[in-house]
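**Student:** I am attaching a structure below and will ask some questions about it afterwards.
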Amino acid sequence: MSLRKIKLRIIYDGYDYHGWQIQPGKDTIQGELEKAIRSLTGKKITVHGASRTDAGVSALGQVGLIELDSPIPTENFPKAVTDRLPQDIAVIEAQEVSEDFDLFSGPKSKLYRYTIYTDVMRPVLHQRHCWHLPGEIDLLAMKKAAKLLEGKKDFKSFASAADKRIDTIRTIFRCDVSTDCDWVYIDVKGDAFLYNMVRNIVGTLTEIGAGRIKPENVVEILDAKDRKAAGPIAPPQGLCLMEIMY
């Protein structure tokens with residue numbers, strides 16, 4: 001039987017996991033998926049992920065790719081694999097793709113959402129998936145700054161110091177700040193992202209919302225090409241990978 005390439009859409013609550021990528025002795029999303037698929041097929045199969053989300057980060061639109069020669073029909077994969085996964089991970093879609101499908105260079109864009117809760121009382125039922133940041137926040141200033149991040153720019157100032165990639169040019173198609181009562185949502189859609197880039201953008205926007213950085217200073221931060229010029233990194237639990245568009 002010839003190998004089939006199957007693209008998976010995966011959702012997970014990342015709060016209790018050490019990120020996507022397998023790490024010895026630690027619970028990871030990739031590790032749980034590979035254990036489940038091995039239980040189903042009897043074979044050790046690598047699950048490649050289109051985005052290596054960090055510890056604590058969740059996803060509603062992660063994309064995975066497997067290659068296998070199992071006779072199990074593709075349409076049966078989501079339920080069969082999910083039945084063998086922990087309750088906080090699920091495969092919700094499976095699609096056979098062509099041999100030339102490229103998981104990593106194929107995406108046209110990725111969309112992340114960061115969620116902040118601003119009321120004084122802690123959001124007990126939602127605290128695994130938001131940053132509790134009580135107090136007044138200048139949303140107009142944050143929106144103004146967010147728009148200055150849109151376009152093709154050098155985002156080196158927003159990359160983790162551990163990100164050693166030489167090419168730090170990325171395109172942000174939109175960076176939106178919206179609200180619903182005490183909830184603040186920051187949506188960032190781009191062609192690709194540097195390590196911790198979205199969380200560093202959020203941390204900087206919240207500093208602007210608190211009045212510690214002026215919105216127009218975003219231009220200077222970008223020009224600095226220095227991580228120290230931007231604001232602090234936002235906690236991981238507020239971040240969710242919403243969608244990867246191919």
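**Student:** If you average 1/r over every pair of different alpha-carbon atoms in region 6-68 and take one over that average, what Kirkwood value in Å do you get?
**Tutor:** 11.7 Å
**Student:** Next question, about the same structure. Once each part is reduced to its C-alpha centroid, what is the distance from region 51-65 to region 88-140 in angstrom?
**Tutor:** 9 Å
**Student:** Another question, then. Taking every pair of alpha-carbon atoms in the chain, what share in percent sits in each 5 Å bin, from 0 to the bin with the longest distance?
**Tutor:** 1, 6, 13, 17, 17, 15, 12, 9, 6, 3, 1, 0, 0
**Student:** Then there is this: Output the peptides 96-104, 72-80, 59-67 sorted from most to least packed, where packing is the average of other Cβ atoms within 10 Å over each peptide's residues.
**Tutor:** 59-67, 72-80, 96-104
**Student:** Full-extension gain between GLN87 and TYR185, please, as 0.36 nm times their residue separation minus the C-alpha to C-alpha distance.
**Tutor:** Gain in length upon complete extension: 32.7 nm.
**Student:** For LYS26, list the lysines whose Cα falls under 18 Å from its own Cα; do not include residues on the same chain fewer than 8 positions away.
**Tutor:** Straight-distance partners of LYS26: LYS35.
**Student:** Continuing with the same structure: State, as an integer percentage, the relative contact order of region 4-97 based on alpha-carbon contacts under 8 Å between residues 6 or more apart.
**Tutor:** 43 percent
**Student:** If one takes the longest principal axis of the Cα atoms in the chain, at what angle in degrees, from 0 to 90 and to the nearest 10, does the Cα axis of helix 197-209 lie?
**Tutor:** Tilt relative to the chain: about 30 degrees.
**Student:** Same structure, new question: Checking the cross-link filter: which aspartates and glutamates have an alpha carbon closer than 14 Å to that of LYS44, excluding same-chain neighbours under 8 positions apart?
**Tutor:** Straight-distance partners of LYS44: GLU32, GLU34, GLU67, ASP69.
**Student:** Under 14 Å between alpha carbons: how many lysine pairs meet that in region 109-245, if sequence neighbours fewer than 8 apart on the same chain are excluded?
**Tutor:** Lysine pair count for region 109-245: 12.
**Student:** Moving on to the next point. Pulled fully out, how much extra length does the chain show between MET121 and SER178, if you take 0.36 nm times their separation in residues and subtract their Cα-Cα distance?
**Tutor:** Gain on extension, MET121 to SER178, equals 18.5 nm.
**Student:** Let me ask another. So how tilted is helix 29-41 from the main axis of the chain? Cα-based, degrees 0 to 90, rounded to 10.
**Tutor:** 10 degrees
**Student:** Would you mind calculating the relative contact order of the chain from Cα pairs under 8 angstrom and at least 6 residues apart, reporting the percent as a whole number?
**Tutor:** Relative contact order of the chain: 23 percent.
Coordinate-derived values only; no laboratory data. Everything quoted here is computed from the prediction, not taken from an experiment. Backbone-built Cβ (ideal geometry, glycine too); neighbour counts: all protein chains shown.
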